[in-house]
Amino acid sequence: MPTADKAEIHEPAALYLRTRADVRLSFGRAQTAPEARVNWAYDLQEQTLSRAGGATAVTSDDTLPVPKSRRATVENLLVAALPAAERRALLAASEPVRLVAGDTLMQPHDRIEHVFFPTGSFISLLTPIDQRAQLEVGLVGNEGMVGVSLILGVETSPVRALVMGGGSAWRMDVAKFRTALGASAALERGLGRYLYVLVSSFAQSAACGRFHQVEERLARWLLVTRDRAHSSQFHVTHEILAHMLGVRREGVTQAASALRQRNVIRYNRGDLEILDVRGLEAAACACYASAKDTYARVLAR
Ligand SMILES: [Zn+2]
């Protein structure tokens, strides 16, 4: 079994927790006090995570959402869909890592060194607009993979991949990934289909940002984050929501307050809880259901 040290990808590797056990993370690289570190043991056989250390508060004004409670056992759906022998081969060529929220896994136009299959983590795909602004174009959790341009033979990423929710993932270096892709028709077919889903969602996001209201886009974003985080509770500031949706903070404040009045969310000082999933789905634009349908239809084949 790999040790926690081996499973960690950055130094200092840690998960940043608040005393109330919800995670609060900085938009760039989180600064961590040593006492805020948590030691994790990763059990390969069980694919479960157990916390071995205590945690204290780390605060930042600019935070990313992460669930207060995370499902302990989550598998990557693309990996799980492979025939058993090919799944075993893929995992044998990968290593389990713990991704740290706030870390950047790849930058636009930089050479990709690793691909990632998230299990308990989720990663935001961002496209830079200028020196200061960037827009989220996708959120990848255990349904997907980061580093998809390699499937097309392109060695650089068009987007920035920022860890939004820290947690477990399978990491594979590029050479091993290429070998695996060449050796498994099922892997090539599955990832090709996933790439189609991702391209569809990029196209849809472009239309969504132009034609749909902030309130319905916020509802969609909360539902997608809930799906990726496997939790209905997270900590997220208006500022982060404004970044993610590419709108002004005032717009987010109005939209959040409208959703609160519908009693579909509770939102207090950045602590957000989804109270009524059906109600939130009704408040979201059609893009949410459409993206889910596309994934189910294309990946099920
Ligand atoms: Zn939309």
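The values are calculated or read from the model by the stated rules, or taken from the named source; none is laboratory data. As the structure is a prediction and not an experimental result, all values here were calculated from the model. Cβ: placed from backbone, ideal geometry, glycine included. Neighbour counts: every protein chain shown.
What to note about this one:
- Where a residue in region 205-228 is aliphatic (A, V, I, L, M) and its partner, wherever it lies, is more than 11 Å from the ligand (Cβ to nearest atom), with Cβ under 6 Å and at least six apart: Val214/Val247; Val214/Gly251; Val214/Ala255; Leu218/Ala255; Ala219/Leu280; Ala219/Ala283; Leu223/Leu280; Val224/Leu139
- Annotation: Ser231 fulfils all but one of (1) more than 13 Å from the ligand (Cβ to nearest atom); (2) hydroxyl-bearing (Ser, Thr, Tyr); (3) in a helix (DSSP H, G or I); the unmet one is (3).
- Of the criteria (1) surrounded by fewer than 15 Cβ atoms within 10 Å (Cβ to Cβ); (2) more than 18 Å from Glu215 (Cβ to Cβ), which one Thr294 fails: (1)
- Of all the criteria given as (1) within 26 Å of Gly144 (Cβ to Cβ); (2) away from the ligand (no atom under 16 Å from the Cβ), the one not satisfied by Met244 is (2).
- Looking across region 168-181, the residues that are touching a residue at least 12 places away in the same chain (Cβ under 8 Å) and assigned to a helix (DSSP H, G or I) come down to Val174, Lys176, Phe177, Arg178, Thr179, Ala180, Leu181.
- Contacts under 8 angstrom Cβ, first residue in region 142-165 being under 12 Å from Phe117 (Cα atoms), partner small (Gly, Ala, Ser), 6 or more apart: Asn142/Gly120; Val146/Ala161; Gly147/Ser157; Gly147/Ala161
- Leu64 vs. criteria modelled with pLDDT under 90 and buried (at least 22 other Cβ atoms within 10 Å of the Cβ): yes
- Ala203 being buried (at least 21 other Cβ atoms within 10 Å of the Cβ), within 13 Å of the ligand (Cβ to nearest atom) and part of a helix (DSSP H, G or I): no
- For region 274-290, a residue qualifies if it is crowded, with 19+ Cβ neighbours inside 10 Å and either within 9 Å of the ligand (Cβ to nearest atom) or more than 16 Å from Glu215 (Cβ to Cβ) (or both), and the qualifying residues are Ala284, Cys285, Cys287, Tyr288.
- Here the strands (runs of 3 or more DSSP E) wholly within region 87-167 that include at least 1 residues being β-branched (Val, Ile, Thr) and closer than 20 Å to Ala203 by Cβ are 122-128, 134-140.
- Residues considered: Thr294, Thr253. Of these, the only one that is without any contact (Cβ under 8 Å) to a residue 24 or more places away in the chain, of a type in the set (Val, Ile, Thr) and more than 13 Å from the ligand (Cβ to nearest atom) is Thr253.
- Any hit, region 213-227, residues being more than 16 Å from the ligand (Cβ to nearest atom) and of a type outside the set (Phe, Trp, Tyr): yes
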